[in-house]
1. Could you check residue B:241 against (1) within 26 Å of residue B:429 (Cβ to Cβ); (2) more than 16 Å from the chain's Cα centre (by Cα); (3) buried (at least 24 other Cβ atoms within 10 Å of the Cβ) and say which number it fails?
2. I want to confirm something. Restricting to the range B:324-348 and keeping residues that are more than 7 Å from chain A (Cβ to nearest Cβ) and free of Cβ contacts under 8 Å to residues at least 24 places away in the same chain, which single residue is surrounded by the most Cβ atoms within 10 Å (Cβ to Cβ)?
3. Please go through the range B:441-460 and pick out each residue that is within 14 Å of chain A (Cβ to nearest Cβ) and in a helix (DSSP H, G or I).
4. So, of the residues in the range B:394-408 that are part of a loop (DSSP other than H, G, I, E, B) and crowded, with 16+ Cβ neighbours inside 10 Å, which turns out to be farthest from the other protein chains (Cβ to nearest Cβ)?
5. With (1) in contact with a helix residue (DSSP H, G or I) (Cβ under 7 Å, 6 or more places away or on another chain); (2) touching a residue at least 40 places away in the same chain (Cβ under 8 Å); (3) more than 7 Å from chain A (Cβ to nearest Cβ) as the list, and residue B:321 as the residue in question, which single condition is left unmet?
6. Identify all residues within the range B:198-234 that are under 23 Å from residue A:47 (Cα atoms) and in contact with a helix residue (DSSP H, G or I) (Cβ under 7 Å, 6 or more places away or on another chain); write none if there are none.
7. Looking at (1) more than 25 Å from the chain's Cα centre (by Cα); (2) more than 10 Å from chain A (Cβ to nearest Cβ); (3) closer than 22 Å to residue B:272 by Cβ, which is the one condition that is false for residue B:301?
């Protein structure tokens with residue numbers, strides 16, 4: 001018997017959104033596999049401002 | 001000639017010199033809105049009393065020799081998503097139709113401190129989530145170059161009202177192209193600044209990792225004047241950069257293209273492109289070459305991959321912000337807004353964080369590869385002909401994702417890459433509608449863009465073109 005528990009209880013989500021999201025997720029995961037290093041262990045998302053300043057300093061004329 | 005046909009810079013100079021008053025400018029703006037807005041639906045709320053009182057205050061200050069600021073007395077209207085204490089801020093939505101915040105956005109506070117007069121709120125895509133300019137709640141915004149055509153979005157009213165000379169300039173927001181697209185489709189200059197350049201305190205959020213705030217104007221100098229007023233660190237927004245802004249207005253006043261290496265981005269940016277639109281891009285390249293720039297071919301890599309990262313960030317962030325309303329009052333959303341938000345629910349937490357985690361590396365790799373070969377990168381802002389309103393009025397029906405993707409394919413990558421992007425009109429028109437190029441630079445390279453763009457503007461004179469209007 002199929003599990004009828006809604007994935008997001010309380011929400012009336014369009015079933016088409018699920019299909020679109022699965023497609024988008026698959027595309028994302030393929031792109032991620034192409035671009036990511038073997039591990040993200042030593043990466044830091046909050047370093048974006050540091051990265052921007054470094055790039056501005058490094059490449060500005 | 002109406003005072004509204006002046007540039008923002010000339011309007012400010014006129015008030016400063018006493019050639020005319022801020023009240024005269026503001027009355028001209030109100031008259032222009034009354035004449036042109038019925039055909040365009042760009043202005044959704046005029047605050048005439050507030051505007052005239054603000055104008056009179058500037059005039060009184062000037063009369064007693066006080067400083068009125070670099071935008072002193074200039075009336076400006078903005079996308080209706082910047083908060084003012086006690087003022088209506090609808091976000092283009094039914095849900096926030098009566099919303100009155102109790103604090104002011106830093107960008108509005110700074111424009112006011114520079115002397116600008118607040119004129120009213122402009123139409124926009126619902127919650128800034130749509131690239132065409134359609135709005136189910138306030139009605140579709142129309143393009144002054146041809147009212148059968150879309151304005152681009154989501155800052156639809158900012159594009160239409162500025163191009164139709166109902167305001168001297170306008171703020172917009174850009175999460176995937178929402179400043180650059182309406183600027184491009186309406187024949188304007190539009191800047192998406194570097195991700196952290198402008199404070200977002202008091203600005204309606206859509207995707208906090210990708211949202212930016214910037215100006216749409218008729219000229220490069222006007223754009224620089226507005227950015228100068230709003231850029232810089234903000235104690236109320238910890239994500240705003242503490243890096244000091246450059247002198248943008250000085251850059252716009254010292255045009256130079258000589259010796260500038262312009263990287264020509266082909267491949268991805270030409271794919272699915274319309275021949276006439278790409279011919280306009282080529283005409284812009286020829287103009288740059290004619291004023292001394294050096295053109296170099298640059299391989300930018302596969303932007304499709306960058307776009308998938310942007311989607312993995314934008315979807316979950318938008319879904320998070322809207323989760324409560326999507327649960328409790330889903331029918332109060334327009335079809336497309338709801339459909340796009342719902343996709344965000346389905347991404348996993350690991351997907352979302354992986355995209356953010358990898359972002360600094362992707363940005364660094366892109367900049368080091370591209371900007372070691374050129375100073376500024378040039379691509380089309382959009383590479384198709386401007387769609388009609390009726391052919392893109394499809395809500396969440398079949399094909400809506402294709403419409404979204406085809407309009408924003410050239411703008412979306414810069415949001416994930418954090419880079420500044422400046423939309424500029426091309427030398428000619430395509431089927432009577434504006435076409436546009438997009439210049440981008442390394443992080444915080446806005447002054448570099450303005451200097452180059454001002455040289456191009458002086459050569460091409462696109463700002464002398466006036467959209468055909470009726471109703472005056």
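The values are calculated or read from the model by the stated rules, or taken from the named source; none is laboratory data. Computed from a predicted model, the values in this text were never measured in an experiment. Neighbour counts run over all protein chains shown; Cβ positions are idealised from the backbone, glycine included.
1. Residue B:241 satisfies every listed condition except (1).
2. The qualifying residue surrounded by the most Cβ atoms within 10 Å (Cβ to Cβ) is B:348.
3. Result: B:446, B:447, B:448, B:449, B:451, B:452.
4. B:394
5. Of (1) in contact with a helix residue (DSSP H, G or I) (Cβ under 7 Å, 6 or more places away or on another chain); (2) touching a residue at least 40 places away in the same chain (Cβ under 8 Å); (3) more than 7 Å from chain A (Cβ to nearest Cβ), only one is false for residue B:321: (1).
6. Within the range B:198-234, B:198, B:199, B:201, B:205, B:206, B:207, B:208, B:209, B:210, B:213, B:234 qualify.
7. Of the numbered conditions (1) more than 25 Å from the chain's Cα centre (by Cα); (2) more than 10 Å from chain A (Cβ to nearest Cβ); (3) closer than 22 Å to residue B:272 by Cβ, the odd one out for residue B:301 is (2).
Conditions tested, residue by residue: (1) touching a strand residue (DSSP E or B) at 6+ places or on another chain (Cβ under 8 Å); (2) modelled with pLDDT of 95 or more.
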residue: B:88; (1), (2): yes, yes
residue: B:94; (1), (2): no, yes
residue: B:98; (1), (2): no, yes
residue: B:110; (1), (2): no, yes
residue: B:113; (1), (2): no, yes
residue: B:132; (1), (2): no, no
residue: B:136; (1), (2): no, no
residue: B:148; (1), (2): yes, yes
residue: B:158; (1), (2): yes, yes
